[in-house]
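Data block below; observations after.
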Amino acid sequence: MTQAEIPATTLGLLPGDTQAVPVSLVTTGSWAKVEAGLEPAQRSFARAIGFKPKAGGLALLPGPDGSLARVLFGLGDPEAASHDRLLVGKLPGLLPEGVFRLDDAPEPAEAALAWLMGSYRFGRYRSGGGSQARLVAPAGIDAAEVERIAAAVAMGRDLVNTPANDLGPAEIEAAARTLGARHGASVTVTQGEALATEYPLIHAVGAASPRAPRLIDLTWGPADAPRVTLVGKGVAFDTGGLDIKPSAAMLLMKKDMGGAAAALAAADMVMGARLRLRLRLLIPAVENAVSGNAFRPGDVLPSRAGLSVEIGNTDAEGRLILADALALADADSPDLILDFSTLTGAARVALGPDLPAFFTEDDALAEAVAQAGRAAIDPVWRMPLHAPYASLLDSKVADLNNVSGGPFAGAITAALFLRRFAPNTKAHGHFDLYGWNPSTKPGRPEGGEVQTARLTYTLLKTRYGG
């Protein structure tokens, strides 16, 4: 995945002195003042078409020669609990081709980022890019910061949106190597016999595919800086293994590497901002396929941590590959571990597609994550690591089973399973995300999404400076 494959409009804002059509962002409270400042003909036109400053309301106002002279866009009531702070991200899909500037944006940097995220289009397989509305950088913002974040989001979305025939473990590795080369990070990869010996769970999950499994290990930053490790689930495609999924459940399984995409996007933001930390990014990359050497229900597998795992279900493969990666992360004693994965349907049943579940034993980390999520408009919801539920993972023949014996608390038991493999790191957070926008919302086009990436960057920037 090369930088050239990311649509250019997601990467840059135009210089502030560029000629542009003004876009007045109108709230219910500011409409009277804005209306009074319009040219008489424009005021009459806005009234004639019934423009109201409700959220998403739009009016294209002509000038004397009939050309587009001004745009009115309603923000509704920004104080309402239901207000969408990314609402400006709707504009690129509504406006004609041209250059625009935002007037009266309550948070100009936030609005510019929403615009760029809303400009994203996955065009790798379609001819012609279509027209695009472009945005002039609002005065006073850190345009380079906004562009970096938007570019990282676009890169991660591209990875999730790419079908599995063009994105396997090797291509995930290539994306990590491209990212590492751009930022001066080192990347090492373990595969083959070394993987089978050192990371037996990763090897077992990926063994059935002709596309070899691997562990990708990226490191960046001063050795004496605070150490932060990100771990992303990189299942390029998940058939479910021998516990094969029904066809309807397999349709979106190209997104099962959404955790890896989110971790890569977060790492891109961190390295691009040159935060003072020692970053490590671990991605176990596999394809969970079906063949004669696929791991089986009832198998007992060793793990890097020394715990034996009975396989209750081969479709619970994500936690297996994360277990080996987390054992490696934990052994390094970092200050913080965050893992990202499209792990359980139970989390989606509980919280829906837009709100990832977050698990941690560290109350201070939970509060910091919640604050970062609100600041970045990238929310999560903390779920309990209810320790008594760990008994649901008991096995009669191994140290633990990879699934519980019943239908209850699936997201919690998955998080408790992962916790067994990073026991020494208190500041360990686990994100169980969906990685997909099932429908288009402002700034969030339908398709792949790097949920929690912007949250993570905001969290680390707050802790370790810009």
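Out of F431, F421, one residue alone is in contact with a strand residue (DSSP E or B) (Cβ under 7 Å, 6 or more places away or on another chain), aromatic (F, W, Y) and open to solvent by less than 20 Å² (accessible area, probe 1.4 Å). It is F431.
Conditions (1) closer than 20 Å to Q132 by Cα; (2) open to solvent by less than 20 Å² (accessible area, probe 1.4 Å); (3) in contact (Cβ under 8 Å) with a residue 40 or more places away in the chain, marked per residue:
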{"position": "G63", "(1), (2), (3)": "no, yes, no"}
{"position": "H83", "(1), (2), (3)": "no, no, no"}
{"position": "L86", "(1), (2), (3)": "yes, yes, yes"}
{"position": "G93", "(1), (2), (3)": "yes, no, yes"}
{"position": "F100", "(1), (2), (3)": "yes, yes, yes"}
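When V349 is tested against (1) aliphatic (A, V, I, L, M); (2) over 21 Å from R463 (Cβ atoms); (3) touching a residue at least 24 places away in the same chain (Cβ under 8 Å), only condition (3) is not met.
Of the residues A347, A267, A325, the single one that is in contact with a Pro (Cβ under 6 Å, 6 or more places away or on another chain), surrounded by 24 or more Cβ atoms within 10 Å (Cβ to Cβ) and either within 25 Å of A196 (Cβ to Cβ) or among the small types (G, A, S) (or both) is A325. For the residues A415, A390, the requirement of being hydrophobic (A, V, I, L, M, F, W, C), assigned to a helix (DSSP H, G or I) and in contact with a strand residue (DSSP E or B) (Cβ under 6 Å, 6 or more places away or on another chain) singles out A415.
To keep it simple, each residue is scored yes or no on (1) over 20 Å from the mean Cα position of the chain (by Cα); (2) closer than 18 Å to L433 by Cβ; (3) not aliphatic (A, V, I, L, M).
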{"site": "D324", "(1), (2), (3)": "yes, no, yes"}
{"site": "G373", "(1), (2), (3)": "no, yes, yes"}
{"site": "A376", "(1), (2), (3)": "no, yes, no"}
{"site": "L393", "(1), (2), (3)": "yes, no, no"}
{"site": "N401", "(1), (2), (3)": "yes, no, yes"}
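Within the group A81, A55, which residue is at pLDDT below 95, assigned to a loop (DSSP other than H, G, I, E, B) and either within 29 Å of the chain's Cα centre (by Cα) or aliphatic (A, V, I, L, M) (or both)?
Values: A55 fails: at pLDDT below 95.
That would be A81, the only listed residue that is at pLDDT below 95, assigned to a loop (DSSP other than H, G, I, E, B) and either within 29 Å of the chain's Cα centre (by Cα) or aliphatic (A, V, I, L, M) (or both).
The rows are residues; the columns are (1) surrounded by fewer than 20 Cβ atoms within 10 Å (Cβ to Cβ); (2) under 21 Å from T239 (Cα atoms); (3) touching an Asp or Glu at 6+ places or on another chain (Cβ under 9 Å).
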| position | (1), (2), (3) |
| --- | --- |
| V153 | no, no, yes |
| R157 | no, no, yes |
| D166 | yes, yes, no |
| A174 | yes, no, no |
| H183 | yes, no, yes |
| S186 | yes, no, yes |
| G192 | yes, no, no |
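The values are calculated or read from the model by the stated rules, or taken from the named source; none is laboratory data. If you're wondering where the values come from, they're calculated on a predicted model, not measured in any experiment. All Cβ positions, glycine included, derive from the backbone under ideal geometry; neighbour counts span all protein chains shown. Note: accessible area is taken over every heavy atom of the protein model, side chains too, but ligands, DNA and RNA are not part of it. Shrake-Rupley method; radii C 1.70, N 1.55, O 1.52, S 1.80 Å.
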